[in-house]
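A short write-up of the structure that comes next.
The values are calculated or read from the model by the stated rules, or taken from the named source; none is laboratory data. This is a predicted model, so every value here is computed, not measured. Using ideal geometry, Cβ is built from the backbone for each residue, glycine included, and neighbour counts are taken over all protein chains shown.
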Number of protein chains: 2
Amino acid sequence: MDLSYFTDKFSAGLADLRYGDQPTSLYEPIRYIMGLGGKRIRPLLTLLGAHLFTDDLGPIVKPALATEVFHNFTLLHDDLMDQAPLRRGQATVHEKWNPNVAILSGDVMLVRAYELLFDIQPELLAHVLRRFSQTAAEVCEGQQWDMNFETETEVSIAQYLDMIRLKTAVLLGFALELGALLGGSSREDADHLRQFGVGIGLAFQLRDDLLDVYGDAATFGKRVGGDIVSDKKTYLLLTAQAQANPTQRAVLARHIGQPVPDADAKVQAVRAVYDELDIRPQTEELINDYFLDALQHLERVAAPEMRKKPLHQLALQLLERES
Amino acid sequence: MDLSYFTDKFSAGLADLRYGDQPTSLYEPIRYIMGLGGKRIRPLLTLLGAHLFTDDLGPIVKPALATEVFHNFTLLHDDLMDQAPLRRGQATVHEKWNPNVAILSGDVMLVRAYELLFDIQPELLAHVLRRFSQTAAEVCEGQQWDMNFETETEVSIAQYLDMIRLKTAVLLGFALELGALLGGSSREDADHLRQFGVGIGLAFQLRDDLLDVYGDAATFGKRVGGDIVSDKKTYLLLTAQAQANPTQRAVLARHIGQPVPDADAKVQAVRAVYDELDIRPQTEELINDYFLDALQHLERVAAPEMRKKPLHQLALQLLERES
């Protein structure tokens, strides 16, 4: 069964979502950001999680879209907080409209995300909503840590990994957990799937960090080395700083957190240190560790092996992607 | 039974609310704004609504706090959007911390508001959450209209009344409806109570508009005439503009939307036009109409008259207040 079988299931539902009409200045930005596209990984994960336990995916389409609306809400507010001009190559909402519209449209999106969950089985509703809310708060915590790290001089690798767990991985985990619960799984299986998703999410984000430095400019779609230019404390940089000898530490100190006359030279100098320290294979090893750990959780889920195949396939796609 | 009987019921619960710990930059602003005080009308309305139908208010305290947390979330984001420096005489969150903290802390508050509702009876949960979400979206719509009106030249009185209904009144209505539902009322009675609350909310906001112009500076606690100085399109101004003769229209046009060399002179000139046009008694009449209409809905609720007394008392307090 191909991944497109599942994507097709929710694509129409996503296009048909109604967020509201008046005032248009409140609702048009929601349609805009939801229309910018993206990988739509989260609803796909929910349907794949449900399909481990049921063939009846129809009732799961609408709740599966909750995490996609929530994810886009976080993008909308994060872009404003980060003052990002572009999202998927288009103007961000605060640029196209204004910051106040971005705040308020985002607020309504969070409300709409909740609403997508209210039709699920009454006996699951409170539990699912508690888990969704906990996840939502964790995503906010992750974003706050991420912003805090920008101005903190000492960020440990453990802190960084916890930040990406909160900011990115827990929502992927919840998307899978949600699908499992709605598909009729046990709480235990739902939790294994959640942990599978968290592991894939961590690996996915580290892959993102790696692509930023070692990706191919043509396929990556973003400026290669952007994290280095903006002094972002990624796993690569934090590991390099922890392992650098005095000479390498001096090179990093000369470039990171300093005004940049020549961005390309900065990227080259920092990447040279990464290369000397084998940061790339070390990162790839950590990605692989998370991946293998995630797979162990998937293996423990009581569902037919055949049905786990699309989840394997998606996980591999996410980790081997070049963009 | 005194109103303080009900206030005492939820005060401890409000003080005991836990929003989260880490990062402190995310959660400290929530404790700060929730600690600034306020009239706490919304949880009071929920308990009064429930008490029409039950004596067992214990399980209703926690859900009753949802609208208070939600209300403070809207204040937090609204203050940022309005660039207000002060809230209840203290620095606003975006001033004390920064705009990004205000955005993200507000987002988490919305999540926490939802969480306070998840323990209610499973058979009511979906319905209550749908009504809460609808109300939450309407409050956002009201704020967006309010911001839109700042730059629109033509705002009708009907549009203004609809804006304050959305921005202020529907949440008071929902607080009562929530109490009724949790207390075991019929859907019909819950809806009458909702409409009672909406009417009181409209009257309450018009009273606010009136106090801004005709309040006593000592008891009002805010600068009298602030709405006139800031060109706010209130019911008073819109009615005056609609009823002004050419001379009065010229006076208004000379002062509204113009740079102000002398704020006091502006307030005096605009108030003089209001006085000539009897704007104050006209506003008082509309307040009274809303109040009487609200009371009719309260009368139709199938509950003992004795139990309706505190709601009468609170409504009167809100409408006769001087601050």
Q: Those residues that are out of contact with any Pro (no Cβ under 8 Å at 6 or more places or on another chain) and not β-branched (V, I, T), I need them from the range B:53-72; list them, please.
A: B:F53, B:D55, B:D56, B:L57, B:G58, B:P59, B:K62, B:P63, B:A66, B:F70, B:H71, B:N72
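Here's the yes/no breakdown for (1) on the phi > 0 side of the Ramachandran plot; (2) at pLDDT below 95; (3) more than 20 Å from the chain's Cα centre (by Cα):
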residue: B:E154; (1), (2), (3): no, yes, yes
residue: B:Y160; (1), (2), (3): no, no, no
residue: B:I164; (1), (2), (3): no, no, no
residue: B:G173; (1), (2), (3): no, no, no
residue: B:L176; (1), (2), (3): no, no, no
residue: B:L181; (1), (2), (3): no, no, yes
residue: B:R187; (1), (2), (3): no, no, yes
residue: B:Q195; (1), (2), (3): no, no, no
residue: B:G201; (1), (2), (3): no, no, no
Q.
Of everything in the range B:3-48, what is closer than 17 Å to B:A91 by Cα, among the polar types (S, T, N, Q) and within 20 Å of the chain's Cα centre (by Cα)? Give them in sequence order.
A. none
Q) Do the conditions hold for B:G49, that is, is it more than 30 Å from A:Q144 (Cα to Cα), in a helix (DSSP H, G or I) and small (G, A, S)? A) yes
Q.
Among the listed residues A:D189, A:D212, identify the single one that is surrounded by 19 or more Cβ atoms within 10 Å (Cβ to Cβ), without any contact (Cβ under 8 Å) to a residue 60 or more places away in the chain and among the charged types (D, E, K, R).
A. A:D212
Q) Got a sec? Which of A:D189, A:D208, A:D146 is more than 28 Å from B:D119 (Cβ to Cβ), more than 14 Å from chain B (Cβ to nearest Cβ) and out of contact with any Ser or Thr (no Cβ under 7 Å at 6 or more places or on another chain)? A) A:D208
Q) Inside the range B:1-21, can you point out the residues that are assigned to a helix (DSSP H, G or I) and either in contact with a Leu (Cβ under 8 Å, 6 or more places away or on another chain) or within 14 Å of chain A (Cβ to nearest Cβ) (or both)? A) B:L3, B:F6, B:T7, B:K9, B:F10, B:G13, B:L14
Q.
For the range B:62-82, check the following and say yes or no: at least one residue is within 14 Å of chain A (Cβ to nearest Cβ), modelled with pLDDT under 95 and outside any helix (DSSP H, G or I).
A. no
Q) Is it the case that the range A:230-243 has a residue that's over 20 Å from the mean Cα position of the chain (by Cα), assigned to a loop (DSSP other than H, G, I, E, B), over 17 Å from A:Y290 (Cα atoms) and in contact (Cβ under 8 Å) with a residue 12 or more places away in the chain? A) yes
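Give the number of residues within the range B:244-279 that are part of a loop (DSSP other than H, G, I, E, B) and surrounded by 12 or more Cβ atoms within 10 Å (Cβ to Cβ).
5
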Q) Can you pull out the residues in the range A:22-58 that are among the acidic types (D, E) and within 14 Å of chain B (Cβ to nearest Cβ)? A) A:E28
**Q.** Spans of helices (runs of 4 or more DSSP H) in the range A:102-210 with at least 1 residues within 17 Å of A:D293 (Cβ to Cβ) and of a type in the set (A, V, I, L, M, F, W, C)
**A.** A:157-164, A:170-183
Q) Can you name every residue in the range A:95-135 that is under 17 Å from A:M81 (Cα atoms), under 19 Å from the mean Cα position of the chain (by Cα) and within 7 Å of chain B (Cβ to nearest Cβ)? A) A:L110
(Q) Within the range B:83-94, take every residue that is within 14 Å of another protein chain (Cβ to nearest Cβ) and surrounded by fewer than 20 Cβ atoms within 10 Å (Cβ to Cβ) and give me the one that is farthest from B:G38 (Cα to Cα). (A) B:Q83
Q) Could you say whether any residue in the range A:22-35 is out of contact with any helix residue (DSSP H, G or I) (no Cβ under 7 Å at 6 or more places or on another chain), under 20 Å from A:F118 (Cβ atoms) and assigned to a helix (DSSP H, G or I)? A) yes
Q. Out of the range B:215-229, which residues are surrounded by 17 or more Cβ atoms within 10 Å (Cβ to Cβ) and without any contact (Cβ under 8 Å) to a residue 24 or more places away in the chain?
A. B:D227
Q: Go through the range B:153-176 and count every residue that is more than 17 Å from B:V198 (Cβ to Cβ) and either in contact (Cβ under 8 Å) with a residue 40 or more places away in the chain or surrounded by 23 or more Cβ atoms within 10 Å (Cβ to Cβ) (or both).
A: 3
